[in-house]
Amino acid sequence: MKALNHCKGCAGNITVSDEPVIYYSDPELDLPEVVKDELYQRRLEICKRCPSLQYGTTCMYSGAIVSHRAKLIEKSCPYPGSPKW
Ligand code: SF4
């Protein structure tokens, strides 16, 4: 039986690459600040085990691709009442 998907951001026919997301911080380019790799991997591991992860890629609460959101310092887990990271 196919699992129900509740993502508010996209439909189930969206495919996202498994390639790692690479960001660079450069104060001169006004790019978003990113977390160090160790914290990034820890966040992704939490998301992988979370029942709110849809399609293996997308957080059903934010609609964000977690491999992107987890990289940004200013972001946090939007799990209601108890953020997981
Ligand atoms: S609720 Fe938090 S831990 Fe779960 S998928 Fe979304 S960002 Fe990841």
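Scan around residue 77 for amide H atoms under 5 Å from its own, H built in the peptide plane at 1.01 Å from N, and keep only partners 5 or more places away or cross-chain. For residue 77, whose amide H was placed from the backbone, the distant partners under 5 Å are 84, 85. Scanning residues 5 or more positions from residue 34 or on other chains, those with amide H under 5 Å from its amide H are 73, with H placed 1.01 Å from N in the peptide plane.
By the gyration tensor of its Cα atoms, with a ≥ b ≥ c the square roots of the eigenvalues, what is the shape of segment 37-85: rounded for a/c under 1.5, prolate for a/b over b/c, or oblate? Rounded is the answer for segment 37-85, as its axis ratio a/c remains below 1.5. With each label modelled as a point 7 angstrom along the Cα→C-beta vector, the residue 17-residue 29 pair spans 1.6 nm.
Taking each residue as 0.36 nm, the span from residue 36 to residue 82 lengthens on full extension beyond its C-alpha to C-alpha distance by 14.3 nm. In order along segment 46-57, the phi-based Karplus estimate (6.51 cos²θ - 1.76 cosθ + 1.60, θ = phi - 60°) of 3J(HN,Hα) comes to 4, 4, 4, 8, 7, x, 8, 7, 9, 6, x, 9 Hz; Gly and Pro are listed as x.
Cut-off under 18 Å on the C-alpha distance; same-chain residues fewer than 8 positions from residue 48 excluded. Which aspartates and glutamates are left, in chain and number order? Straight-line reach from residue 48, under 18 Å: 18, 19, 37, 38.
No value in this document is a laboratory result; all are computed from the given coordinates. Please read all numbers here as calculations on a predicted model, not as lab measurements. Reconstructed Cβ throughout: ideal geometry from the backbone, glycine too, with neighbour counts over all protein chains shown.
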